[in-house]
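Some notes on the structure that comes next.
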Amino acid sequence: MKKPYFGRLLTAMVTPFDESGVNVEAVKKLVDWWLAHGTDGLVVTGSTGEAATMSVEEKKLLWTTVVQYVNGRVPVIAGTGSNSTAGSIEMTKLAESCGVDGVLIVGPYYNKPTQEGYYRHFKAIADSTSCKVILYNVPGRTAANVAPATVARTAAACPNVVAIKEAAGRVDQVAELYRLLPEDFTIYSGDDGLILPFLSVGASGLISVLSNVDGEILQNLMQAYEEGRVKEAADLNKKMVPLAEAMFVETNPIPVKKAVSLVTGIDCGDPRLPLTPLSEGALAKMTAVLRENGLLP
């Protein structure tokens with residue numbers, strides 16, 4: 001297998017909405033913008049894409065639109081996981097029929113399964129599809145952690161499980177994943193601000209929120225580290241971390257959605273309830289950081 005499997009920098013893309021639903025024309029413009037600014041692949045209908053508030057029909061429209069518009073230029077990965085195993089299988093099959101290159105399967109939220117439950121959930125979904133699968137561990141949203149041993153067990157049982165998006169925020173956990181998993185298994189950081197330390201213990205790519213507005217700095221950082229220019233990578237990291245933090249001045253994707261509209265000039269609309277538009281105070285903080293880094297005039 002190639003590594004990183006889907007490319008080094010995957011953008012967890014926002015979903016632009018208008019009064020009718022998914023803004024298809026804005027999606028196409030944003031795809032072109034992201035591909036011109038460092039993105040190696042697109043993750044559609046993830047947390048940043050507000051998948052939790054989208055209908056099945058909207059997801060199908062978005063997957064089909066992105067797959068057809070990308071037309072093979074980069075991989076397209078659909079977020080199809082939920083807290084229902086049967087529902088996740090149904091959505092995975094639908095995404096596969098839309099032509100996606102892979103699926104992202106989050107650990108079930110709210111249920112708080114045992115490690116055996118995680119394994120059976122992931123295996124049932126992986127067994128239902130010929131798509132390549134990225135597992136997704138994000139305890140901050142699911143309230144429970146997928147143990148590295150469970151990831152390794154799943155990868156051993158399911159040849160189409162090729163990667164994990166690791167967002168537990170723990171360097172030691174990434175190191176343990178690297179120790180237990182095959183050499184060609186891809187570990188993606190799920191946190192922009194932790195990509196440099198994660199690279200140092202075995203990660204090889206990033207599924208990013210920040211790359212919605214600045215993929216170049218992340219690509220340059222990872223390239224510098226890979227080529228042994230560690231001081232340069234650290235200096236880029238010093239600039240990048242405040243940008244990454246600015247995307248989380250309020251709950252993701254509230255800030256980044258506004259940032260995309262400001263930086264690209266492509267209107268993404270407001271987030272859907274229960275998320276609310278970015279507050280004035282948070283907007284001021286975020287725009288100050290964007291200006292400081294040359295992303296806004």
* Answer yes or no as to whether residue 204 is surrounded by fewer than 22 Cβ atoms within 10 Å (Cβ to Cβ) and touching a Cys at 6+ places or on another chain (Cβ under 7 Å). => no
Tell me whether region 284-293 contains one or more residues that are assigned to a helix (DSSP H, G or I) and β-branched (Val, Ile, Thr). yes
Those residues of region 105-122 which are more than 20 Å from the chain's Cα centre (by Cα) and of a type in the set (Gly, Ala, Ser) amount to 117
(1) in contact with a Gly (Cβ under 7 Å, 6 or more places away or on another chain); (2) outside any helix (DSSP H, G or I); (3) without any contact (Cβ under 8 Å) to a residue 60 or more places away in the chain all hold for residue 67 apart from (2)
Just one listed residue, out of 195, 266, is open to solvent by less than 30 Å² (accessible area, probe 1.4 Å), aliphatic (A, V, I, L, M) and either part of a helix (DSSP H, G or I) or at pLDDT below 95 (or both), and it is 195
Exception for residue 38 within (1) touching a Cys at 6+ places or on another chain (Cβ under 9 Å); (2) part of a loop (DSSP other than H, G, I, E, B); (3) not acidic (Asp, Glu) falls at (1)
Residue 184 being assigned to a loop (DSSP other than H, G, I, E, B), over 16 Å from residue 126 (Cβ atoms) and either acidic (Asp, Glu) or at pLDDT 95 or above (or both) = yes
Restricting region 223-263 to residues that are open to solvent by 20 Å² or more (accessible area, probe 1.4 Å) and in contact with a Gly (Cβ under 7 Å, 6 or more places away or on another chain), the one farthest from residue 45 (Cα to Cα) turns out to be 241
Those residues of region 75-92 which are in contact with an Asp or Glu (Cβ under 6 Å, 6 or more places away or on another chain) and either open to solvent by 10 Å² or more (accessible area, probe 1.4 Å) or charged (D, E, K, R) (or both) amount to 75
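The values are calculated or read from the model by the stated rules, or taken from the named source; none is laboratory data. If you're wondering where the values come from, they're calculated on a predicted model, not measured in any experiment. Neighbour counts run over all protein chains shown; Cβ positions are idealised from the backbone, glycine included. What goes into the accessible areas is simple: the full protein's heavy atoms, side chains included, and nothing from ligands, DNA or RNA. Shrake-Rupley method; radii C 1.70, N 1.55, O 1.52, S 1.80 Å.
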